[in-house]
Amino acid sequence: MTDLIPELRTPTAPEGTGRVRSGMPVSRVDGRAKVTGEARYAAEHEAPGLRYGVVVSGTIARGRITAIETGAALAVPGVVEVLTHLNRPKIRSWDLAYKDMTAPGGSPFRPLFSDRIFYSGQPVALVLADSFEAARHAARLVDVRYEQEAHETNLLASLDQAYKPRPLKAGFTPPSSTGDADKAWNEAPVKIESQFYHGVEHHNPMEMHATTVLYGEDGHLTIYEKTQSSQNNRWYVSRVFGLPKEKVTVRNPYVGGAFGSGLRPQYQLTLAVMAALRLACPVRVVLTRQQMFSFGHRPETWQKVKLAATADGKLSAILHEAIQETSRLEDYVEVVVNWSGQLYACKNIKLGYKLVAHDRHSPIDMRAPGAAHGMHALEVAMDELAYRLRIDPLEFRRINYADRNPLEDKPYSAKELSQCYDKGAARFGWKDRPLEPRSMRDGEELVGWGMATGMWDSLVMLARVSAVFHADGRLVVSSAASDIGTGTYTVMSMIAAESLGLPLERVTFQLGDSTLPFAPVEGGSSHVTTVGGGVHGACDKLKKRLVRLTKSMPGSKLAKARPQDLEFADGKVQLRNRPETAVPLRDVLAAAGVDRVEEKFFMKPSLLKQRKYTRAVHSAVFCEVRVNEKLGIVRVTRVVNAVAAGRIISAKTAASQVIGGVVWGISQALHEESFTDHRFGRFMNHNFAEYHVAVNADVHDIQVIFANEDDRIVSEQLGAKGVGEIGIVGVSAAISNAIFHATGRRLRGTPITPDKIL
Ligand code: MOS
C-alpha cells in the first residue's frame, strides 16, 4: 500500500485548477510550495542536536597526505570531531561498493579512503561542530602536509596520450564508420577542416550539494539529499557502509537544480553519513559554492571536423574525431561525435573518440553531455561548408536532410525536423536574410543571423508506479522519481488526471523517497517517457478495475455497457456523453466495501523493438546577435528554438525547459570559462565573480515552438519524448554562426569573449 508520506510535503494543484488535457500550459503544481518556502530542500531539515560538517579541501593535484594536524581545530569551542582517512569509521574497501547506478567504468573515487590524493580540491577532512560557524572556523585550522607527485591537467599538451576507452571498462561501444570517408574527402571539390576547443564547464545549480542525515533512535538513517535519484543514493550508502536496505531511507522531494551533477552521489553524502554513524546523531553537510567546482564537470574537449560536398551541395564525407579528458580513476565517456553519423544524409562517415586521463575528478554529465560540444562542432562546420558552397545555411541542411540514419541504415522512430526548419524559419523571418556577412548594421552594432540543428537521444527505461484511488475522490500516484526543477510533479499529475478524468487538484503525484516504487535517475531526458509511461499504465489498470467494480454493482445501470463505451469524468463513470448515466466512483467503492483501490504498473519498454529505430529529438535554432566591434560586446537579441519531441504533455514546463536550455547555450557561447593553473592543477576561478554565467541582462527574446510529432516507438503510452536536454543543443553553434554572419569572423571554440571579437 502506497500512502502519502507527510514529511515529503508533496504538492497538489490549487483548488479550482480543474480538468486538464495534455498540451495545455498548466502552471507547475509545486510552484506555490517553492515560492512560499513550504518546500524544504536538503539543507533545510532540522533535528535536535544537529551537528554541522564543514569539508576541508586538499590543495595538491596528485600525491599523498603525510600528516594531518587537527589539534587546533579540535580546540575550538563547539567542535566535536575531525574526521580524516586516519580515524574515519569503517567503510568498504572494495571499490565496486562505490559504483552507483550511473558510474562509468573504472574505480570510483572513495572519500577519506586513504592518504592518496587524486585531484586538487579533494576532500581531506570533515570538521564537525555544534554550530556551522565553529565548524567553518575550525576547518581553516586543520593543517595538512603532503608529498607531491608530478601531475597532468592540460588537455592540449597531452593529446598525444589519448587512448580509446576500454570497451569493457567503459561499457561503451566505439562509434562506427561507413564508406571511405578519407578518400571521399580527399577527392571532393569543396571541403573544410576545422578544429574546436572547449574548456571545462561547471555545474552551478542554485542549490548547493547538501545532505542532512537524521539519526533515528533505532539507528535508522533518514537522509535528505540533493540528488537526481533517491534510490541510487540509498543503494550507494547501503553498499559503502554495509547497511541493510531497511536501515537507510533517502529523500529528495525538492531539488534546486542539478543538471547532471546529482546523477551520482557526491562526496558530501559519504562524509555526512560517516559523521552520523561516528557521532550517532543528526548531521548536515553543505558544500560551498567553491567546493561545487570540485566534484565533476563538463570535460575539456578537443575536436576535429572535416566535411566535404559535391559542387551542388550534397555532403560526400563527414569525419569527426574528439579527444576528451577523464580522470585516472574512471573512463568517463560522452560520445561527442555520435550525432555526426545520425543527422545528415552522407555515404562516407568516419567517427573517432578518445580519452586522456588527467589528475582531476572524473567529469560528470552536464545537460546534453557530448551533444552540447559535438553538435556545436558539427553545426559550425556545416555553416563553414555552406559558405564555401555559397548556399544559404538552412537550405544546405535541407539539401542534406536524412530520412534514414545514414550510419546504421535505420529508420527514425519519428523525425519532424523539417517542421522545425519551416516553422522556426517562418517565425524568425529567415527568408529575408542576406547571405553576405557584414551586410546588416544597426547604429554602432553589426547584426548577424545564424542557425543550427540540434539532436539528442530519446531514452526510455524501467520504472514502477503505484496508483491509489480513494473513496473521498482523491488519486495518489507514486514512484521514486525526482523533480529537479523540470516539472515532474506537474507532468505526472497531468497524465494521471487526464487518464481518470479528474480535476488536477484531486490528483497528487508523490516522488522523492527511496521507499517508493522503483524509478531510474532523472537524467537523459527520460522521466516523461519512463515514469510518465508508468503513470499512464497504472491509471489504465485502475480504470479497468473501477469499470469492473461499477458493472458488478447490485442493480448497476451500466452492467451491460461495453468498457469502450464508458468514460471517466469528474469522479464519475458514465456512458460516453451521457451524464444522466453517471455513477459516482465513491458509490462504486462503497458498494465494493473498500475505501481505496490500488493498481501497480511495471513500465518495461520493448528494447528489441526500440533498437530497430534511431530514437531522437530534433531542433532548429535561429538566432540574432548584435556585435559592437569597438567594445567586443555580443548581445543575443533574439532566439527561436523549434523542437520536435513527440507529443508535448505539459506545454508550459516543456517550454520552460527549452528556454532554460537556450539561456545556458548563451552562457556557454559567451560567458562560461574555467581557468586552470596547470602549475597547481587547480581551477582558479571557482566562484561566481570570476566564472561568469548568463544573467537576466544577457537574455532577451526567446521563443519556443513545438512541432507536431507523435512517437509511439519511444513512448507507446504517450507518444512523448523528453525535452530536458535538447534546448541547449545547437544554441552555441547558432550564436557562433550568427557572429560570423555579423562580422565575417569565424570563431569556433567557446566562450566567445570580447577579446576574441576585437
Ligand atoms: Mo542530465 S546531464 O541527464 O541530468
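The values are calculated or read from the model by the stated rules, or taken from the named source; none is laboratory data. A quick note: this is a predicted structure, and the numbers were derived from the prediction, not measured. When we count neighbours, we look across all protein chains shown, and the Cβ atoms used for this are built from the backbone with ideal geometry, even at glycine.
The table below gives the values:
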| quantity | calculated |
| --- | --- |
| In the stretch 80-123, residue surrounded by the fewest Cβ atoms within 10 Å (Cβ to Cβ) [restricted to those that are of a type in the set (Ser, Thr, Tyr) and in a loop (DSSP other than H, G, I, E, B)] | Ser93 |
| Residue count, the stretch 368-384 (criterion: buried (at least 24 other Cβ atoms within 10 Å of the Cβ) and more than 15 Å from the ligand (Cβ to nearest atom)) | 8 |
| Unique match (being within 16 Å of the ligand (Cβ to nearest atom) and charged (D, E, K, R)) among Asp392, Asp409, Asp365 | Asp365 |
| Residue within the stretch 474-491 that is within 16 Å of the ligand (Cβ to nearest atom) and on the phi > 0 side of the Ramachandran plot present | yes |
| Residue tally, condition more than 21 Å from Lys423 (Cβ to Cβ) and acidic (Asp, Glu), over the stretch 379-401 | 1 |
| Condition met for Ile323 (more than 23 Å from the chain's Cα centre (by Cα) and either among the aliphatic types (A, V, I, L, M) or part of a loop (DSSP other than H, G, I, E, B) (or both)) | no |
| The stretch 266-315 - residue that is hydroxyl-bearing (Ser, Thr, Tyr) and farther than 30 Å from Phe196 by Cβ and, of those, surrounded by the fewest Cβ atoms within 10 Å (Cβ to Cβ) | Thr288 |
| Sole exception among (1) within 16 Å of the ligand (Cβ to nearest atom); (2) farther than 22 Å from Val617 by Cα for Lys543, by number | (1) |
| Selected residue [over 29 Å from the mean Cα position of the chain (by Cα) and touching a residue at least 24 places away in the same chain (Cβ under 8 Å)] from Glu445, Glu436 | Glu445 |
| Residue tally, condition within 16 Å of the ligand (Cβ to nearest atom) and β-branched (Val, Ile, Thr), over the stretch 195-237 | 2 |
| Scan of the stretch 97-135 for residues that are within 25 Å of the chain's Cα centre (by Cα), more than 23 Å from Ala67 (Cα to Cα) and of a type outside the set (Val, Ile, Thr), ordered by number | Ala97, Tyr98, Lys99, Asp100, Met101, Ala103, Pro104, Gly105, Gly106, Ser107, Pro108 |
| Residue satisfying all of: in the stretch 710-749; surrounded by fewer than 24 Cβ atoms within 10 Å (Cβ to Cβ), closer than 30 Å to Val460 by Cα and not hydrophobic (A, V, I, L, M, F, W, C); nearest to the chain's Cα centre (by Cα) among these | Gly719 |
| Trp449 being surrounded by fewer than 24 Cβ atoms within 10 Å (Cβ to Cβ), aromatic (Phe, Trp, Tyr) and either touching a helix residue (DSSP H, G or I) at 6+ places or on another chain (Cβ under 7 Å) or assigned to a loop (DSSP other than H, G, I, E, B) (or both) | yes |
| Single unsatisfied condition, Ile65 versus (1) in a loop (DSSP other than H, G, I, E, B); (2) in contact (Cβ under 8 Å) with a residue 40 or more places away in the chain | (1) |
| Hey, Lys415 under 17 Å from Ser194 (Cβ atoms) and more than 16 Å from the ligand (Cβ to nearest atom) or not | no |
| Residue match in the stretch 700-710 (condition: assigned by TED's automatic domain parsing to the domain that holds Arg647 and within 16 Å of the ligand (Cβ to nearest atom)) | no |
| Answer from Ala519, Ala538, Ala496 - the residue that is assigned by TED's automatic domain parsing to the domain that holds Ala13, small (Gly, Ala, Ser) and within 16 Å of the ligand (Cβ to nearest atom) | Ala519 |
| Subset of the stretch 472-526 (residues that are assigned to a loop (DSSP other than H, G, I, E, B) and among the polar types (S, T, N, Q)) | Ser479, Ser482, Thr486, Ser514, Thr515, Ser525, Ser526 |
| Strands (runs of 3 or more DSSP E) contained entirely in the stretch 565-649, each with at least 1 residues that are farther than 30 Å from Ser736 by Cβ | 566-569, 572-575, 578-584, 596-603 |
| Qualifying helices (runs of 4 or more DSSP H) (wholly inside the stretch 137-245; at least 3 residues being outside the structural domain of Ala669 (by TED's automatic domain parsing) and more than 30 Å from Ala372 (Cα to Cα)) | 230-241 |
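Matching residues to (1) more than 18 Å from the chain's Cα centre (by Cα); (2) surrounded by fewer than 24 Cβ atoms within 10 Å (Cβ to Cβ):
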site: Lys600; (1), (2): yes, yes
site: Leu608; (1), (2): yes, yes
site: Arg626; (1), (2): yes, yes
site: Ala642; (1), (2): yes, no
site: Thr653; (1), (2): no, no
site: Ser656; (1), (2): no, yes
site: Val663; (1), (2): no, yes
site: Gln668; (1), (2): no, no
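A quick yes/no check of all residues on (1) closer than 30 Å to His151 by Cα; (2) touching a helix residue (DSSP H, G or I) at 6+ places or on another chain (Cβ under 7 Å):
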residue: Val26; (1), (2): no, yes
residue: Tyr41; (1), (2): no, no
residue: Glu44; (1), (2): no, no
residue: Val55; (1), (2): yes, yes
residue: Thr59; (1), (2): yes, no
residue: Val82; (1), (2): yes, yes
residue: His85; (1), (2): yes, no
residue: Ser93; (1), (2): yes, no
residue: Ala97; (1), (2): yes, yes
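Every residue, every condition in (1) buried (at least 16 other Cβ atoms within 10 Å of the Cβ); (2) of a type in the set (A, V, I, L, M, F, W, C), yes or no:
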residue: Leu558; (1), (2): yes, yes
residue: Pro563; (1), (2): no, no
residue: Leu566; (1), (2): yes, yes
residue: Arg578; (1), (2): no, no
residue: Leu589; (1), (2): yes, yes
residue: Gly593; (1), (2): no, no
residue: Arg615; (1), (2): yes, no
